[in-house]
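J.: Supplied in structure tokens, the structure appears directly below.
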Amino acid sequence: QVQLVESGGGLVQPGGSLRLSCAASGSILRINTMGWYRQAPGKQREVVADITSNGSTNYVASVKGQFTISRDNAKNTVYLQMNNLKPEDTAVYYCYANAVEYGRRYEYVYWGQGTQVTVSS
């Protein structure tokens, strides 16, 4: 099994910054794409950003220039640096990893438990 543990959420004032972390552990042979989704109250879950194993990144248009995704392959960890936060960024943020476990042929998608980000004055 592969486990993802997130950290770094919390309450921040508008204009502030937070850095989310998500560490994968377990019987990991290889991790391909890692990324972040978010779900705001009353809204569908939406992709925020993702990053491939070689560092190629994609962002949803609403966070380009505001959020930065990065990863440390040696630590199986993905990060999301969020700057200039706005109330509309308030959501539960979920990380995911497309990973291949030892003994398996195919990759599966694994999810973190979610971390709350609240932007409010």
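No value in this document is a laboratory result; all are computed from the given coordinates. Note that the coordinates shown come from a computational prediction; the quantities given were computed from them, not determined experimentally. Ideal geometry is used to build each Cβ from the backbone, glycine not excepted, and the neighbour counts take in all protein chains shown.
J.: Looking at segment 1-71, which trypsin sites (Lys or Arg not before Pro) are DSSP coil and have at most 16 other C-beta atoms within 10 Å of their C-beta?
T.: For trypsin sites (Lys or Arg not before Pro) across segment 1-71 that sit outside H, G, I, E and B with at most 16 neighbouring Cβ atoms in 10 Å, the list reads Lys43, Arg45, Lys64.
J.: Okay, moving on. State the Kirkwood hydrodynamic radius of segment 11-50 in Å, one decimal place, computed from all pairs of distinct Cα atoms. Show your work: numbers first, answer last.
T.: Numbers: mean 1/r = 0.0762 Å⁻¹.
For segment 11-50, the Kirkwood estimate is 13.1 Å.
J.: Distance from a point 7 Å along Cα→Cβ of Gln116 to each backbone N in segment 91-108: keep the residues under 11 Å and list them by number.
T.: In segment 91-108, the label zone of Gln116 (backbone N under 11 Å from the point 7 Å along Cα→Cβ) covers 91-92.
J.: As an exercise, use a Förster radius of 22 Å and the Cβ-Cβ distance of Arg104 and Arg19 to find the FRET efficiency, rounded to the nearest 0.05. Before the final figure, lay out the partial values.
T.: Working: r = 32 Å, r/R0 = 1.44.
Working from the Cβ atoms, E equals 0.10.
J.: Using Cα pairs closer than 8 Å and at least 6 residues apart in sequence, work out the relative contact order for the chain, in percent.
T.: Relative CO of the chain lands at 37 percent.
J.: Once phi is turned into ³J(HN,Hα) by the Karplus curve 6.51 cos²θ - 1.76 cosθ + 1.60 with θ = phi - 60°, what whole-Hz value does each residue of segment 15-23 show in order, with x for glycine and proline?
T.: Taking θ as phi minus 60°, the curve returns x, x, 10, 9, 10, 8, 10, 8, 9 Hz for segment 15-23.
J.: Right, here's the next one. Which net charge results when you count Lys and Arg as +1 and Asp and Glu as -1 among the other residues whose beta-carbon is under 14 Å from that of Asn83?
T.: Values: positive: Arg19, Lys64, Lys86; negative: Asp89.
That sum, taken over residues with Cβ under 14 Å, equals +2.
J.: Setting aside same-chain residues fewer than 8 positions from Lys64, which aspartates and glutamates have a Cα under 20 Å from its Cα?
T.: Once the sequence-local aspartates and glutamates are set aside, what remains near Lys64 is Glu46, Asp50, Glu88, Asp89.
J.: Continuing with this model, one more query. How long is the gain from Ser53 to Lys86 if the chain were fully straight, where each residue apart is worth 0.36 nm and the alpha carbon distance is subtracted?
T.: Full extension of this stretch gives 8.9 nm more.
J.: Take the alpha carbon gyration tensor of the chain, find the square roots of its eigenvalues, order them as a ≥ b ≥ c, and report rounded if a/c is under 1.5; if not, report prolate when a/b exceeds b/c, else oblate.
T.: prolate
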